[in-house]
1. What order, most packed first, do the peptides 112-120, 54-62 have when packing is the mean number of other Cβ atoms within 10 Å of each residue?
2. Just grab the label-to-label distance for ASN106 and GLN66, each label 7 Å out from Cα along the Cβ direction, in nm (one decimal).
3. Label ASP40 and ARG130 with points 7 Å out from Cα along Cα→Cβ: what is the distance between them in nm?
4. Give, as a single signed number, the net charge of other residues whose beta carbon lies under 9 Å from the beta carbon of SER107, with Lys and Arg counted +1 and Asp and Glu -1.
Amino acid sequence: MKRRIVLILAVVILFLPGGCAWLDYQETKLHSGSIYLPVDAETQNFGYQRLMINCRYREPVNTFIQTHGYPDLIYEYNKAAREGIRLYYLKENQVFDFLEQGLSPNSATLIDQRALDSYEKAEIKELQGRGPL
């Protein structure tokens, strides 16, 4: 019995850092899916918080952000039960799309780098023109 408890505790401790990132990721996921979220590091708004959670949860996204800096917007989505995140750099007119390739969040891979399409430009322009409620 003691051996089983020690084994369970060892597994919990081993996976605790990843487990905390997963809990953070899941806790705010419902509020962030399929919408454009502005990222403002200075005010640490919700978009920034979601980006930081994604960086803790997905090492490939974290590495990309460390190299390229913060995007202006993020867009989180699901595709065939896989999680994805698009990073929008508006001044550069670039979108970087990461999608999980397997069950591990660290399987997130850059699947597309492209210019913003006309729909995205219109949607973002409309979003930026909105006033607070």
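Read-outs throughout are calculated quantities, based only on the coordinates presented, and are distinct from any laboratory measurement. What you see is a predicted model; the values in this text were computed from it and never measured. Cβ: placed from backbone, ideal geometry, glycine included. Neighbour counts: every protein chain shown.
1. 54-62, 112-120
2. Label-label distance for ASN106 and GLN66, simple model: 1.3 nm.
3. With each label point 7 Å from Cα toward Cβ, the separation is 1.4 nm.
4. My count for the surroundings of SER107 gives +1.
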